[in-house]
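Here's the structure we're looking at; comments come further down.
The values are calculated or read from the model by the stated rules, or taken from the named source; none is laboratory data. Not measured: the values here are computed from a predicted model. Please note that ligands, DNA and RNA were not included when accessible areas were found on the heavy atoms of the full protein model with its side chains. Shrake-Rupley method; radii C 1.70, N 1.55, O 1.52, S 1.80 Å.
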Amino acid sequence: VNRSLTEQLPMELELRGFEGAWRVAEHIVLSGPDPKATNTEADPFHVVPHAGNGAAIEDGRLCAMLDALSWNVIRLEPVKA
């Protein structure tokens, strides 16, 4: 989660304990400029998740820039040999 109203947040997670090679399988983002935005019966798709980009594994770390006012899911999967 990035709660900043204006700034992106660099995220870097060390993947200790994850044996073998991994890749980013999916990055889902829920974001928007209005923190009070909601879906309504008249506009049920006003706030919807979308695909994120730029999440990557670099030197054993998961790195991504999280948009302002965003909730993120980054799913990893093992690289099959």
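When the solvent-accessible area of the chain is split by element, carbon and sulfur atoms take up 54 percent of it, the probe being 1.4 Å. Across all Cα pairs in the chain, the calculated P(r) in 10 Å bins from zero up to the longest distance comes to 17, 42, 26, 12, 3 percent per bin.
When ligands, DNA and RNA are left out and all protein chains stay put, how many square angstrom of accessible area per residue does the chain have with a 1.4 Å probe?
Values: 6150 Å² over 81 residues.
For the chain, the solvent-accessible area averages 76 Å² per residue.
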